[in-house]
Amino acid sequence: MEAEVDVARAHAPAPAAAGEAALRALRGSLRGDLLVPGDPGYDEARRVHNALVDRRPALIVRCAAAGDVRAAVLFARERGWHPAVRGGGHSVAGHSVCDGGMVIDLSPMRGVRVDPAARLARAEGGVTWGELDRQTQAFGLATPGGIVSTTGVAGLTLGGGVGWLVRRHGLACDNLVAAEVVTAGGEILRASADEHPELFWALRGGGGNFGVVTAFTFRLHPVGTVLGGMVLYPRGRAREVLRFYRDFAPGAPDALTTSAGLLTSPEGVPLVALVACWAGPLAEGEAALRPLRTFAPPLADGIGPLPFARMQRLMDEAFPPGRRNYWKSDFLRELPDAAVDAVVEHAARAPSPHTAVLLESYTGAAARVAHDATAYPHRGAPYNLHLFAAWTDPAGDAGNVRWAREAREALRPFSTGGVYVNFLGDEGEARVRAAYGANHARLARAKRAYDPLNLFRRNQNVRPEG
């Protein structure tokens, strides 16, 4: 079992006073707000999605524009602080907040601009996927996002970005066409295929290692009504359902993205769910989804036509803010019966009814991108395993963490050795390297070019080469 560390605490600066004059000067330079402990709104601003994370920064800079971000970066750099950067605040490892240092909070930056003729959307760094979807769907357009609408656009995209359009249109990072970035040196750069192309490459999967992205420009696709929802089966049929999923999902048409989950209903009933999103002609979708809906008698079939924005909200209730979360994840090279058995057996032992086990298969468009075309490297793994331990009582911390670790150990023999960086906790440098895979060395060179002092290290950190 790997040793785990809390990087955000390990790199916390000494709580040296910044000085009242310096704070006044910083506050006066901002369009946004500067919060310190005791200020109205401070406690709300330091809260993140994962209630297991409870940290108290010395300063929270609530940025209104890229100029505020630049001022905050330079202020931190001058003092040798390593700022935490908050977009949507969903980092399960708690990298969005810190103890004793500075948080650069992008959440006030919520602007979205859609160009329907060019099929492009520009979203500022604090935008959530639900907010972006509402604006793009007004024109019948969308870009691949996540599976929870409250997730921030920034963190998800910088880590790759897997969602309901992944097999049809690829990852979120595959659809990024430009980014506005504040670097560790305080420069405001535009990164694209033509401008700072190596930085652009690194941003598409390399996380927050290279600067603070204050705006993202995405390619949009025609997506309106989809065929989506859940089919629920009793937990007693979990092995049968997962074996069906193993055989069905990888060969499905590109328009169909699916996942399989072992979960518990709000009424306390253990279930196995098949979740599907068909982003193509609805008549063709009915035929493509028929096997998933009829291979065995379901308890409930909730699949039907719905707006894509509603599909994006389908999983929101399963991942609310305020629960304690501890996640494990691995890419699987195969899903033999022994792996299915391990998934079912460990799901049955979960100490919390809020815990879920999710299996995703995203071949299709995302898998046809070369592993080194973007910083996101995991293009060939047929399955992605997520162990979402979630609970509410602090007394359950040890038991729920132990469950996730033991379940991951049981499935490790089937792993490719890789892991999706957006589901990675603070698990040490070896796991960070596993997340970036064959692209790690190139990322380290880009880090040397854009952040040689490793100012941005509160993340799944890539150290500068040399």
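Just need the relative contact order of region 316-393 here, percent rounded to a whole number, with Cα pairs under 8 Å and 6+ apart. Can you show the working numbers first?
Numbers: 99 pairs, mean separation 39.9, N = 78.
Contact order relative to length: 51 percent.
Run through region 379-466 and list the GluC sites (Glu not before Pro) located in a DSSP loop whose Cβ has at most 13 other Cβ atoms within 10 Å.
Numbers: sites: E406, E409, E427, E429, E465; in loops: E427, E465.
Answer in residue order: no site qualifies.
Quick one: compute the contact order of region 252-405, relative version, from alpha carbon pairs under 8 angstrom and 6+ residues apart, as a percent.
The value is 29 percent.
Near L171, within a Cβ-to-Cβ distance under 10 Å, what is the net charge of the other residues, with Lys and Arg +1 and Asp and Glu -1?
Residues near L171 contribute +1 overall.
Which GluC sites (Glu not before Pro) in region 255-289 sit in a loop by DSSP (not H, G, I, E or B) and have at most 14 other Cβ atoms within 10 Å of their own Cβ?
Values: sites: E267, E284, E286; in loops: E267.
Sites meeting the loop and neighbour criteria: E267.
Beyond 28 Å, how much of the Cα-Cα pair distribution for the chain remains, as a whole percent?
Numbers: 53117 of 108345 pairs.
Tail of P(r) above 28 Å: 49 percent of Cα pairs.
If you filter region 132-196 for GluC sites (Glu not before Pro), then keep DSSP loop positions with at most 14 other Cβ within 10 Å, what is left?
Passing both the DSSP loop test and the Cβ count: E187, E195.
Given charges of +1 on the Cβ of Lys and Arg and -1 on the Cβ of Asp and Glu, with all other atoms neutral, how large is the dipole of region 22-135 about its Cα centre, in debye to the nearest 20?
Charge dipole, region 22-135, about its Cα centre: 260 debye, nearest 20.
Dipole size in debye (nearest 20) for region 308-466 around its Cα centre, Lys and Arg Cβ +1, Asp and Glu Cβ -1?
Working: 22 positive and 18 negative charges, 136 e Å.
My answer is approximately 660 debye.
Relative contact order of region 116-246, please, whole-number percent, based on alpha carbon pairs below 8 angstrom and at least 6 residues apart.
Worked out over region 116-246, it gives 28 percent.
When the accessible area of the chain is split by element with a 1.4 Å probe, what percent falls to carbon and sulfur?
Answer for the chain: carbon and sulfur cover 52 percent of the accessible area.
Please compute, for the alpha-carbon atoms of region 285-330, the extent along each of the three principal axes and give them in descending order in Å.
Per principal axis, max minus min of the Cα coordinates gives 39, 26, 23 Å.
Among residues other than G364 whose Cβ falls under 9 Å from its Cβ, what is the net charge (Lys/Arg +1, Asp/Glu -1)?
+2
How big is region 316-377 by Rg and Dmax over its Cα atoms, in Å?
15.5, 41
By the scheme Lys and Arg +1, Asp and Glu -1, what is the net charge of all other residues having a beta-carbon under 14 Å from that of A255?
Values: positive: R167, R168; negative: D254, E284, E286.
That works out to -1.
For the peptides 268-277, 228-237, what is the packing order when you average, over each peptide's residues, the other Cβ atoms within 10 Å and list the highest mean first?
Descending mean neighbour count gives 268-277, 228-237.
Accessible area per residue of the chain at 1.4 Å probe, in Å²? Could the numbers behind the result be given before it?
On the way: 17410 Å² over 466 residues.
That works out to 37 Å² for each residue.
The values are calculated or read from the model by the stated rules, or taken from the named source; none is laboratory data. Owing to the predicted nature of the structure, the values given are computational and were not obtained by experimental measurement. All Cβ positions, even for glycine, are placed from backbone atoms using ideal geometry, and neighbour counts span all protein chains on display. Note: accessible area is taken over every heavy atom of the protein model, side chains too, but ligands, DNA and RNA are not part of it. Shrake-Rupley method; radii C 1.70, N 1.55, O 1.52, S 1.80 Å.
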